[in-house]
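Before any comments, here is the structure.
Any read-out appearing in this document is the output of simple, stated calculations on the displayed coordinates, not a laboratory observation. As the structure is a prediction and not an experimental result, all values here were calculated from the model. FYI the Cβ positions are ideal-geometry reconstructions off the backbone, even for glycines, and counts take in every protein chain you see.
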Amino acid sequence: MSALKNLDPDWQDWLKVNIVNGVPTNKLAASLFARGWSDAAFELMSKSNKTATMPFLDLTKNHIDLSDRRVSLLFTCYKPFVAVIDNFLSPEECQALINEADAKLRDSRVVNPDDGTFVIHPARTSRSTGFQRGEANIIKTIESRIAELLHWPVDHGEGLQVLRYEDGGEYRPHYDYFDPAKKSSSVVMAKGGQRVGTFLMYLSDVDAGGATRFPNMNFEVRPKMGSALYFANTDLSGEIDGQTLHSSVPVTQGVKYLSTKWLREKPYV
């Protein structure tokens with residue numbers, strides 16, 4: 001049964017008028033969420049693949065059929081918007097991405113808040129490497145799948161990163177969005193605007209530790225090979241969301257491989 005059709009007639013009329021007037025559907029969905037009508041908001045977003053101004057998933061079903069595979073939704077949350085997706089990558093795809101990255105890994109860096117350069121910092125103890133969009137066939141496949149799942153163009157994203165966390169490796173609590181109050185943000189946002197979403201893919205199982213933790217929300221997602229985690233760094237109105245504070249919990253047994261795709265509000269060049 002359609003949740004949108006169950007809305008009061010006045011609200012159905014309000015939606016029709018605003019859609020005709022070109023109001024982005026994510027902003028309309030924000031109004032529905034604010035009133036507790038989450039099912040209607042999810043349904044509206046699922047129909048808005050041409051008018052949304054931020055990435056989104058179709059949450060109207062528990063499975064999503066993509067062009068090349070079926071994925072499952074294991075967990076969803078709003079607010080902030082978080083989704084855990086199972087079966088996003090096959091074991092062979094995980095290994096192929098690891099193979100592409102292993103010889104290129106170096107100490108991971110963070111954005112310097114003063115000037116926007118990338119520097120080594122003790123808060124982030126992993127090794128990583130980055131790829132250009134479409135640099136290898138496996139990367140093209142993954143980027144296309146992410147774009148289809150999130151209804152967001154491939155060029156509205158940074159290149160994939162692959163990270164390796166060994167014993168004790170972690171990334172302490174941080175935000176992925178660029179804080180407008182920091183001087184460095186104008187530098188890094190000149191190429192593609194704000195980071196509106198983060199898509200993480202777990203490339204390996206980990207025996208202990210290595211979870212992605214959201215301390216403000218008091219939950220964490222533990223790594224499972226082939227699964228993925230998406231969270232929006234901005235809310236449906238486009239404002240940065242302080243609830244997205246997150247960390248990579250130290251690995252205490254095993255090795256964690258992770259791939260990250262940051263999504264931008266505009267084409268990233």
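With the highest mean first, a sort of the peptides 179-188, 89-98, 162-171 on other beta-carbon atoms found within 10 angstrom per residue produces 162-171, 89-98, 179-188. Which net charge results for the neighbourhood of residue 80, defined as the other residues with beta-carbon distances under 15 angstrom from its beta-carbon, given Lys and Arg at +1 and Asp and Glu at -1? Summing Lys/Arg as +1 and Asp/Glu as -1 gives -2.
Just to confirm a number: summing +1 for Lys and Arg and -1 for Asp and Glu over residues other than residue 54 whose beta-carbon lies under 10 angstrom from that of residue 54, what do you get? Result for the local shell: -1. Ordering 23, 6, 38 by Cα displacement along the dipole of region 1-53 toward the positive end leaves 23 in first place; charges were set at the Cβ atoms of Lys, Arg (+1) and Asp, Glu (-1). Note on the chain: Kirkwood radius taken over Cα pairs, Stokes-Einstein applied at 20 °C and 1.002 mPa s, translational D equal to 111 µm² s⁻¹. Per residue, the average separation of C-alpha pairs within less than 8 Å and at least 6 apart gives the chain a relative contact order of 21 percent. Summary value for region 131-198: 25 percent relative contact order, contacts being C-alpha pairs under 8 angstrom separated by 6+ residues.
Cβ-Cβ distance of residue 224 and residue 102, R₀ of 25 Å, FRET efficiency by 1/(1 + (r/R0)^6): the value works out to about 0.75. Using θ = phi - 60° in the Karplus curve 6.51 cos²θ - 1.76 cosθ + 1.60, the 3J(HN,Hα) couplings for region 71-76 round to 10, 10, 8, 9, 7, 9 Hz; x is entered for Gly and Pro. Just to confirm the filter: which trypsin sites (Lys or Arg not before Pro) across region 61-163 are DSSP coil and have at most 16 other Cβ within 10 angstrom of their Cβ? Loop-located and lightly packed - 61, 69, 104, 109, 133.
Sum up the charges of everything whose Cβ sits under 14 Å from the Cβ of residue 125, counting Lys and Arg as +1 and Asp and Glu as -1, but leave residue 125 out. Charge balance in the 14 Å sphere: +3. Remark: region 5-15, residue by residue, has Karplus-estimated 3J(HN,Hα) of 6, 7, 5, 4, x, 4, 6, 4, 5, 4, 5 Hz, where x stands for each Gly or Pro and the curve is 6.51 cos²θ - 1.76 cosθ + 1.60 at θ = phi - 60°. Simple spin-label estimate for residue 181 and residue 38 gives 2.9 nm between the two label positions (7 Å along the Cα-to-Cβ direction from each Cα). Couplings for region 188-202, taken from phi via the Karplus curve 6.51 cos²θ - 1.76 cosθ + 1.60 with θ = phi - 60°, read 6, 7, 5, 9, x, x, 5, 7, 8, x, 10, 10, 10, 10, 8 Hz in order; Gly and Pro are left as x. In region 211-230, whose amide N lies under 20 Å from the spot 7 Å out along Cα-to-Cβ of residue 252? List them in ranges. What the label zone holds, given the 20 Å backbone N cut-off, is 211-216, 218-225. Picking from 228, 268, 215, whose Cα lies most toward the positive end of the charge dipole for region 137-269 (charges on Cβ: Lys, Arg +1; Asp, Glu -1)? It is 268.
If the chain linking residue 72 and residue 20 were pulled fully straight, counting 0.36 nm for each residue of separation and taking away their Cα-Cα distance, it would gain 15.4 nm. Put simply, the amide H of residue 156, placed in the peptide plane, has neighbours under 5 Å in 268, leaving out anything fewer than 5 places away on its chain.
The eigenvalues of the Cα gyration tensor, multiplied by 5 and square-rooted, give region 1-53 an equivalent ellipsoid with semi-axes of 15, 13, 10 Å from largest to smallest.
For region 23-143, the share of DSSP beta bridges that are antiparallel, to the nearest 5, is 100%.
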